[in-house]
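Colleague: This is the structure I have questions about; it appears just below.
The values are calculated or read from the model by the stated rules, or taken from the named source; none is laboratory data. Because the structure is predicted, anything quoted here is derived from the model rather than measured. Methodologically, a virtual Cβ is constructed for each residue, glycine included, from the backbone with ideal geometry; neighbour enumeration extends over all protein chains shown.
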Amino acid sequence: MSNITRRSLVGAGTAGTIATLAAPTVARAATQKWRMVTSWPKRLPGPGMSAERIAERVRTLSGGRIDIAVHAAGQVVPALEVLDAVGSGVAEIGHTAAFYWQGKMPAAAFFTTVPFGLTPAEHVAWIDAGGGQALWDELYAPFGVKPFMGGNTGVCMGGWFRREIRGLADVRGLKVRSLGLGGEVYRRLGATPLTTAPAEILSSLQSGLLDAVEFVGPGTDIALGLYRVAQSYYYPGFNKPNGTGECIVSRKAWEALDAELKAIVTHACAAEASFALAEMERLNIEALVALTGRHGVALRAFPKDLVGAARKEATDVLGGLSATSAAAKTIHDSYVAFRDRTAAWSRISIKGVLEAREA
C-alpha cells in the first residue's frame, strides 16, 4: 500500500512539475495575428515580394507566435494610407516607401531616396552606421510607428516616356508620375508631377493621364507592362538612385513584444533589406534583356542638358526642404554630410572599378 501511495505521489509530483514547466510553453506558443497593409499590388516583384518574405520570416523565426497576413494595396486601405493605418492601429505592420509621406513630414523622403542622393550601399551605411536610423525613429515617433529598412529595389531607372526626349525643352508640359522630391524637380523643369498608386500606373499611361512614368527598375517595371504603352526607357535614375523599402510597425504592437520577438522582427527586416537588393540585381539583369530584346524597348540616356538642369534644381529643392522644420534640417544636414564624405570613397572605389572594367 505504501508503495502504491509512494508511486501515486511520485506520479502526482511529476505531473505537477510537468504542468508547471508546460505553462510558460503554452503562453509562449500563443499566436498573435497581425495584419500587414502594403502600398503594392499583390506579390509585385520587388517590394510586393519583400512584404511577403518579411511576413514569412517573422512567422518562421517566431515559431508561429506572430502570424502576419499580407494585404495588397486597396484590400484594407489604399496604397497611400499605409502610414495612417498602422499608426492608428488598423493594422499592426505595413510595407511601403517613406517618400509617400512627404506631405505629412517632408524629411521622410530622405529615408527612401532623394535626387542625386545616396546609392543603395551608401544609404545602408548612413542608416545603419551613420546615425540615420535614430533620426528616422525620431521623425516617425509622433505618427505612432517604428520604421525599418525592409527591402531595396536598388538603383532605379529614369522612367518610361511615350515620346523621345532630345533635350530639356521636351519635358516641359509632360504629365510625369514622379514621387518624392524628384517630383518637385520635374515641376521646376516645367513638367507636371503626379502621384499615382502603383496599381493605377498602367491604366493612367494608357488613357493619356500620364505621358511618362518613373517607378522602379526593369525587374519590377516589366511586371506592370509599361513597355506596352511607352517604348522609350531612360537612364540614369538621377531622381531615385536608391530604392529602400520601408517596413513600419505600430508602436503599440511593438512595445507589447518581448525582447525575443522584437529581435525577430528586426532581423526579418534586416535580412530582407539585404536579400531584396541581391534579388533585384538578378531580376533587373534578366528583365532588361527581355525588354530590349523580346519587347523592342529603346534604352536611352537622358540628354546632358536635362541632367545638368535637374542637378541644379535638386540642390535648391533639398536646401528648401531643410528650412521647413528643425527636424528636416537635422536630417538634411546628416544626409548631405554623409553623401559628401562618402563621395570621395565611392569615386575611387565603385566608380574607379567600373571605369577600369569597362576600359
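Colleague: Give the residues of segment 215-246 that are acidic (Asp, Glu) and under 20 Å from Pro78 (Cα atoms), sorted by residue number.
Modeller: The one that is acidic (Asp, Glu) and under 20 Å from Pro78 (Cα atoms): Glu246.
Colleague: So if I check each of Leu288, Leu261, Leu209, Leu224, which one is of a type outside the set (D, E, K, R) and assigned by TED's automatic domain parsing to the domain that holds Val77?
Modeller: That would be Leu261, the only listed residue that is of a type outside the set (D, E, K, R) and assigned by TED's automatic domain parsing to the domain that holds Val77.
Colleague: Within segment 316-349, how many residues turn out to be surrounded by 13 or more Cβ atoms within 10 Å (Cβ to Cβ) and in contact (Cβ under 8 Å) with a residue 24 or more places away in the chain?
Modeller: Looking only at that region, the number is 16.
Yes/no matrix, rows are residues, columns are (1) assigned to a helix (DSSP H, G or I); (2) under 25 Å from the mean Cα position of the chain (by Cα); (3) closer than 18 Å to Gly131 by Cβ:
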| residue | (1), (2), (3) |
| --- | --- |
| Val307 | yes, yes, no |
| Arg311 | yes, yes, no |
| Val317 | yes, yes, no |
| Gly320 | yes, yes, no |
| Ile331 | yes, yes, yes |
| Arg341 | yes, yes, yes |
| Arg357 | yes, no, no |
